[in-house]
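Structure record follows, encoded as structure tokens.
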Amino acid sequence: MVTQGNTSNYVALKRSLSNFSLTEPIETCPSPNINLKTCGTGLKYFLRYNDSVCLMIQYQANKFTHQGAQLGCQRDGLKLRGLESERIFVAELATILKKQFQKYNEVAVWVDGKRNSKCETSQNCSSIEDYEFQDDTLHYKSGYKWNTGEPNGLGGEYCLQMYILPDTSSDSHGKIDDVDCSMIENYPKFFALCGMKAK
């Protein structure tokens with residue numbers, strides 16, 4: 001994540017490289033007009049490898065499928081997004097939203113990722129590399145932390161969800177599971193991780 005300081009003479013950016021930061025007086029930068037990318041209202045800015053993304057969790061009053069999540073994001077001019085370093089942020093925000101909007105103890109957030117065609121008939125595909133992603137800002141996919149025993153590919157489980165549990169200290173809270181793309185009941189799906197490239 002990038003944080004822009006509140007100073008008039010310096011811009012500081014910190015990347016995910018170990019102990020690497022860049023700090024220069026604006027007067028000596030090669031280009032004095034530095035424009036950091038930003039996000040619109042309701043979106044949170046995250047730096048990803050060589051890109052930046054704006055994320056939000058979309059809530060809908062009625063449970064929805066994976067395709068419904070994609071369409072819901074599109075209605076807001078966004079796309080269903082995946083996870084890098086933002087997993088904990090997403091889990092914490094979804095927990096807050098769950099308390100505000102839902103009576104259910106356990107819910108799930110749809111995230112980007114669908115089992116690729118060579119794995120649709122196999123339960124042996126257990127790597128994140130066995131999934132296809134629409135989110136073109138993903139690089140390492142480091143936010144995909146599987147729940148114990150997942151992915152298992154049972155019964156046509158091709159899409160991905162994040163568990164949001166009442167006990168946030170539970171090992172399963174914020175973890176990823178493969179699930180049937182039309183499943184809305186087991187861990188009810190009221191939330192989707194939506195976003196866009198920062199502008």
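The values are calculated or read from the model by the stated rules, or taken from the named source; none is laboratory data. As the structure is a prediction and not an experimental result, all values here were calculated from the model. For neighbour counting, all protein chains shown are included, and Cβ atoms are generated from backbone atoms with ideal geometry for every residue, glycine included.
Looking only at segment 36-62, how many residues end up being surrounded by fewer than 16 Cβ atoms within 10 Å (Cβ to Cβ) and part of a loop (DSSP other than H, G, I, E, B)?
Going through segment 36-62 one residue at a time, the tally reaches 11.
Looking at this structure, is residue 109 at pLDDT 95 or above and closer than 18 Å to residue 183 by Cβ?
yes
Please go through (1) in a loop (DSSP other than H, G, I, E, B); (2) touching a residue at least 12 places away in the same chain (Cβ under 8 Å); (3) farther than 16 Å from residue 92 by Cβ for residue 186 and return the number of the only condition it doesn't satisfy.
Against the list (1) in a loop (DSSP other than H, G, I, E, B); (2) touching a residue at least 12 places away in the same chain (Cβ under 8 Å); (3) farther than 16 Å from residue 92 by Cβ, residue 186 comes up short only on (2).
Given the conditions (1) within 24 Å of residue 61 (Cβ to Cβ); (2) surrounded by 15 or more Cβ atoms within 10 Å (Cβ to Cβ); (3) of a type in the set (A, V, I, L, M); (4) within 19 Å of the chain's Cα centre (by Cα), and given that residue 176 satisfies all but one, which numbered condition is not satisfied?
Every listed condition holds for residue 176 apart from (1).
Please verify whether segment 126-135 includes one or more residues that are at pLDDT 95 or above and surrounded by 15 or more Cβ atoms within 10 Å (Cβ to Cβ).
For segment 126-135, residues at pLDDT 95 or above and surrounded by 15 or more Cβ atoms within 10 Å (Cβ to Cβ): present.
Which residue pairs have Cβ atoms under 9 Å apart, sit 6 or more places apart or on different chains, and have a first residue in segment 145-171 that is over 26 Å from residue 67 (Cβ atoms) and a second that is acidic (Asp, Glu) and surrounded by fewer than 19 Cβ atoms within 10 Å (Cβ to Cβ)?
148/171; 166/106; 168/92
Within segment 63-80, track down each residue that is in a helix (DSSP H, G or I) and of a type in the set (A, V, I, L, M).
Once the filter is applied, which keeps residues that are in a helix (DSSP H, G or I) and of a type in the set (A, V, I, L, M), segment 63-80 yields 69, 71.
Here are the criteria: (1) within 24 Å of residue 185 (Cα to Cα); (2) over 14 Å from the mean Cα position of the chain (by Cα); (3) part of a loop (DSSP other than H, G, I, E, B). Tell me which single one residue 83 does not satisfy.
(2)
Residue by residue through segment 90-117, note down the ones that are assigned to a helix (DSSP H, G or I), under 19 Å from the mean Cα position of the chain (by Cα) and not polar (S, T, N, Q).
90, 91, 92, 93, 94, 96, 97, 98, listed by residue number.
I need a count of the residues in segment 167-192 that are polar (S, T, N, Q) and out of contact with any helix residue (DSSP H, G or I) (no Cβ under 8 Å at 6 or more places or on another chain).
Here the count works out to 4.
Residue pairs, Cβ under 7 Å, 6 or more apart or interchain, first in segment 79-90 and more than 23 Å from residue 170 (Cβ to Cβ), second among the aliphatic types (A, V, I, L, M). List them.
Note: pairs meeting the criteria are 79/196; 80/69; 80/192; 80/193; 81/53; 81/55; 81/193.
Just to be sure, is residue 97 exposed (fewer than 13 other Cβ atoms within 10 Å of the Cβ), closer than 23 Å to residue 190 by Cα and among the aliphatic types (A, V, I, L, M)?
No; evaluated as a whole, the condition is false for this residue.
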